[in-house]
Amino acid sequence: MSDPYAKIVELGYKLPSVVPPVAAYVPAIRSGNHVYVSGQLPMVEGALAETGKVGSDVSPERAKELAAICALNALAAVDSVINLNEVVRIVKVGGFVASAEGFTGQPAVINGASELFGAVFGEAGRHARAAVGVAELPLGAPVEVDVIVEVR
Amino acid sequence: MSDPYAKIVELGYKLPSVVPPVAAYVPAIRSGNHVYVSGQLPMVEGALAETGKVGSDVSPERAKELAAICALNALAAVDSVINLNEVVRIVKVGGFVASAEGFTGQPAVINGASELFGAVFGEAGRHARAAVGVAELPLGAPVEVDVIVEVR
Amino acid sequence: MSDPYAKIVELGYKLPSVVPPVAAYVPAIRSGNHVYVSGQLPMVEGALAETGKVGSDVSPERAKELAAICALNALAAVDSVINLNEVVRIVKVGGFVASAEGFTGQPAVINGASELFGAVFGEAGRHARAAVGVAELPLGAPVEVDVIVEVR
């Protein structure tokens, strides 16, 4: 596995500052050989990049970009508890898409996160996943992503 | 624990082929002594057995059958990474039911999955579970089930 | 960490009896050094303390109290498999809020659970979390909470 920090830059991204939780919890916590990352919203410099429902207010293509932002924020959260070079693999991704009535393209949206993990970690970025369409998300976010990561 | 493969046949089921992910992830992944199974839809030979919301388009009874199909697909996913005889226990089931307004019978629906795991694994099939009613599911599926399995 | 049982009483709460599952699963199960707790509803002595959607039928303030009841029921479920003094840390909280159209205050609602864990376990109560707004919950519950706990 190549250095994930270098890979993030190579992909044209910048590892953001860890997003402070919007409530009484922590961004990520280590338990044994796993890091559990809290549900990440598509925050950019302290504000949601977009609000609204996917399939009406927000296009699926834009929502996919937002899912990549959630994934970057998840990596920032992991980095707040352990060096990303200690990541053994991304284990499980949970993808929640605030969905307009009749929008059923959640998998393509959450691919924004899955593909980022694949690009950053290669084979170690291949993960199990569940993607669902929910009624509402915190602060009106269109997408939320949580992650379980295996670490050394 | 009797042989789960024999038990599946005895129950009148057939272990399906593993359902290819509808996006950039894998059906199941092993991390330490656990296998994390991706959210499984009620796919039968490559197509959804049913689409629509439970409580309007799809009856709760039919949705329970669909949850059993999800569970079978989950076992196929586990089987793609480890022999089912290596299963120590089913640990956690997540059940997502695409719910019509006012439909609150999610537990009985997800019992379709829980009872299948109980029938196949006996005592080792008893698990923790969360069942919720979501707005929309991928491809219009009425039910989605993900699973965490402890393995030898 | 002070004795969690004493702390619960000191906070003015009473550890409830474990809530029997509403379907074919168990309240909590141990797997390795973790206890997985099933999705807990705000049941009080066998009945839901409240039903309806948060943001219309149920106020966010009341929903926060209901989330604390879910958290207490989760501790009762943990206690059914292991002494609470064996808890190393609360690892992950999943919060599901049955949300009226346009209600986006899920984090403040689920704080009811997060703050209770913090009050009972102190530093060991700090956890990762995902909070989402769902369409419907079992039996019409306004809130559901599941938990992963690390144990000795």
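Here, each number is a calculation from the coordinates, and none is a lab measurement. Predicted model only: the values in this text are computed from it and were never measured. Because the Cβ atoms are built from the backbone with ideal geometry, glycine has one as well, and the counts that use them run over all protein chains shown.
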Of the conditions (1) within 30 Å of B:Thr51 (Cβ to Cβ); (2) in contact (Cβ under 8 Å) with a residue 60 or more places away in the chain; (3) surrounded by fewer than 24 Cβ atoms within 10 Å (Cβ to Cβ), A:Pro60 fails just one. Which one is it? (2)
What about B:Tyr25, is it buried (at least 16 other Cβ atoms within 10 Å of the Cβ) and over 26 Å from C:Pro138 (Cβ atoms)? yes
Residues within the stretch A:28-52 that are surrounded by 14 or more Cβ atoms within 10 Å (Cβ to Cβ) and either among the aromatic types (Phe, Trp, Tyr) or touching a Pro at 6+ places or on another chain (Cβ under 9 Å) (or both), tallied: 14
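When the stretch B:79-95 is examined, which residues are found to be within 11 Å of another protein chain (Cβ to nearest Cβ) and among the β-branched types (Val, Ile, Thr)?
To start, the set of residues in the stretch B:79-95 that are within 11 Å of another protein chain (Cβ to nearest Cβ) comprises B:81, B:88-95.
Of everything in the stretch B:79-95, those that are within 11 Å of another protein chain (Cβ to nearest Cβ) and among the β-branched types (Val, Ile, Thr) turn out to be B:Val81, B:Val88, B:Ile90, B:Val91, B:Val93.
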When you scan the stretch B:1-51, how many residues do you find that are within 14 Å of chain A (Cβ to nearest Cβ), outside any loop (DSSP other than H, G, I, E, B) and among the hydrophobic types (A, V, I, L, M, F, W, C)? 6
For the stretch B:114-130, state whether one or more residues are surrounded by 24 or more Cβ atoms within 10 Å (Cβ to Cβ), within 13 Å of chain A (Cβ to nearest Cβ) and in contact with an Asp or Glu (Cβ under 6 Å, 6 or more places away or on another chain). yes
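Would you check if A:Leu66 is buried (at least 22 other Cβ atoms within 10 Å of the Cβ), more than 14 Å from chain C (Cβ to nearest Cβ) and within 29 Å of C:Glu123 (Cβ to Cβ)?
No.
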If the Cβ limit is 7 Å and pairs must be 6+ apart or interchain, which residue in the stretch A:132-150 that is farther than 22 Å from C:Asn111 by Cβ and at the interface with another protein chain (Cβ under 7 Å from one of its Cβ atoms) pairs with which residue that is surrounded by fewer than 24 Cβ atoms within 10 Å (Cβ to Cβ) and charged (D, E, K, R)? A:Glu150/A:Arg89
